[in-house]
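The next block holds one structure in the form of structure tokens; read it before the comments.
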There are 2 protein chains.
Amino acid sequence: MEALREKIRQEGEVVSSSILKVDSFLNHQIDAGFMMEIGREFAHRFQDEKITKVVTIEASGIAPALTAAAVLGVPVVFAKKTKATTMDTEVYVEQVESFTRGTTYDIKVSKKFLHKEDRVLIIDDFLAYGHAALGLAKIVKKSGAQLVGVGAVIEKGFQSGGELLRGQGIRVESLAIVERMEEKEIIFK
Amino acid sequence: MEALREKIRQEGEVVSSSILKVDSFLNHQIDAGFMMEIGREFAHRFQDEKITKVVTIEASGIAPALTAAAVLGVPVVFAKKTKATTMDTEVYVEQVESFTRGTTYDIKVSKKFLHKEDRVLIIDDFLAYGHAALGLAKIVKKSGAQLVGVGAVIEKGFQSGGELLRGQGIRVESLAIVERMEEKEIIFK
């Protein structure tokens, strides 16, 4: 998606050779109009997959998942990272390592919102080592639903997540794939 | 907003006389199409306010804030609840009590994304005791921006947040106001 690569070139900050900060339109401030375009692009790529549900993780995954779901005409379910007192106890749980935070956390999805008839598209903001997507994929599998693919806004092609998922036969659609990052330059695949 | 009241009547679960669970369309699963309608309603109510930015808190605030911002044609900024290593250190911070979790947490907004020229609409999923909205309002004030109002998807009219905010002269628009909850019934104002 050329508009996304251009946006990353203009607004992305290379924090280190492995950390890309896109706080101005995706991870803290969200460019709402552009996020609608991203949703349309995901919906277009998966339009023949008869998707019934989009699944993501709070918080940065919600915006691209919601806009894709709105175009596809299906609900979104966002996995939760912490246990709230109003949360259902009947949940699927998986443990996920966070690349950004250097910690491990649980993700939880209520059994009420994933069924074996569902055809699920997982959407997330970043695909790095793939821990979040793999955790979500395991939850989808536990529910008996069919995983039709993973959509990432930005894939870090130099980290192993994309290879790992594709190696398991999962269709991965990344709207921009960063091949490497140098001091002032972001090189796309 | 009658469609919202109807949705709450049909799908809301009264957990106790003070806790309402709307996990099926707002707080865990999100009805994407309905969220677009909610965004249009907020945008309509604040259409004459020359809003330049919508501000919310992760995670459940993001969906209604994003759809309102998309209609208004402005960006969203979502305050973060925890400190990630990729987060800017130049931030506005406020402490917020959580009614749902029974805990206190910090919310943070990067100084890069709020300026004194901004006209800000705060949007959140629930307005209960108003702690989250007041925390965001303080951050908006610190930045020198103008707060034009607070939009809540659901206001718990029997808790003090709405009164507190309106008492400070803040315009509050709640799309549904729950007056009280009984075992099997939700009574709206």
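How large is the helix-only mean residue ellipticity at 222 nm for chain B, computed as the sum of -39500 (n - 2.57) over DSSP H runs with n ≥ 4, divided by its residue count, in deg cm²/dmol to the nearest 500?
Numbers: 5 runs with 55 residues, N = 189.
So the calculated ellipticity at 222 nm is -9000 deg cm²/dmol.
If you put a point 7 Å past Cα along the Cβ direction, how far is that point for A:His44 from the same point in each other copy, in nm, smallest first?
3.0
In whole angstrom, and with the biggest value first, how far do the Cα coordinates of the range A:38-175 range along each principal axis?
So the extents along the principal axes, rounded to whole Å, are 37, 33, 25.
Counting only other chains, what is the mean number of Cβ atoms within 10 angstrom of the Cβ of each residue in peptide B:9-19?
Mean inter-chain Cβ contacts per residue within 10 Å come to 1.
Over the whole of B:30-42, what's the average partner chain Cβ count within 10 Å per residue? Rounded to a whole number, please.
4
What whole-number volume per residue, in cubic angstrom, does the convex hull of the C-alpha atoms of the range B:1-75 give?
Measuring per residue, one finds 101 Å³ for the Cα hull of the range B:1-75.
Count the net charge of all other residues whose Cβ sits under 11 Å from the Cβ of B:Ala152, scoring Lys and Arg as +1 and Asp and Glu as -1. Before the final figure, lay out each step's value.
Numbers: positive: B:Lys156; negative: B:Asp124, B:Asp125, B:Glu155, B:Glu173.
Residues near B:Ala152 contribute -3 overall.
For a quick check of your reading of the filter: which trypsin sites (Lys or Arg not before Pro) in the range A:124-188 sit in a DSSP loop and have no more than 13 other Cβ atoms within 10 Å?
Loop-located and lightly packed - A:Lys184.
Take every DSSP beta bridge with both residues inside the range B:32-176 and express the antiparallel ones as a percent of the total, to the nearest 5. Present the calculation step by step, with values, prior to reporting the outcome.
On the way: 9 of 28 bridges.
Bridges in the range B:32-176 that DSSP calls antiparallel: roughly 30 percent.
Please give the direction-averaged projected area of the C-alpha convex hull for the range B:97-167, in square nanometres with one decimal. Let's see the in-between values first.
Values: hull surface 19.4 nm².
Directional mean of the projected Cα hull area for the range B:97-167 stands at 4.9 nm².
Could you list B:Glu163, A:Glu155, B:Glu58 so that the one with the fewest beta carbons within 10 Å of its beta carbon is first and the one with the most is last?
By the 10 Å Cβ count, ascending, the order reads B:Glu163, B:Glu58, A:Glu155.
Taking the alpha-carbon centroid of each part, what is the distance from the range B:18-77 to the range B:151-173 in angstrom?
So the separation of the two Cα centres works out to 16 Å.
Please provide three numbers in whole Å: the alpha-carbon extents of the protein assembly as shown along the principal axes, with the largest listed first.
The principal-axis extents, from largest down, are 55, 48, 34 Å.
What nm value, rounded to one decimal, do you get for the distance between B:Ile187 and A:Lys50 when each label is placed 7 Å out toward the C-beta?
Label-label distance for B:Ile187 and A:Lys50, simple model: 4.8 nm.
Average projected area of the Cα convex hull of the range B:140-189, in nm²?
Taking the Cα atoms of the range B:140-189, their convex hull projects to 4.0 nm² on average.
Considering every residue in A:105-113, what mean count of other chain Cβ atoms within 10 Å of its Cβ is obtained?
Details: counts 0, 0, 0, 1, 2, 4, 0, 4, 4.
The per-residue average across the peptide is 2.
For the range A:1-53, which trypsin sites (Lys or Arg not before Pro) are both in a DSSP coil and crowded by at most 12 other Cβ atoms within 10 Å?
Taking the range A:1-53 and a limit of 12 other Cβ atoms within 10 Å, the loop trypsin sites (Lys or Arg not before Pro) found are A:Lys50.
Using Cβ contacts closer than 10 Å as the measure, can you line up B:Asp118, B:Asp124 from fewest to most?
Arranged by neighbour count, lowest to highest, B:Asp118, B:Asp124 become B:Asp118, B:Asp124.
Taken together, the values in this text are just the output of simple stated rules run on the coordinates, not laboratory data. Since we're looking at a predicted model, the values are computed, not measured. Quick reminder, even Gly has a Cβ in these numbers, built from the backbone with ideal geometry, and neighbours come from all protein chains shown.
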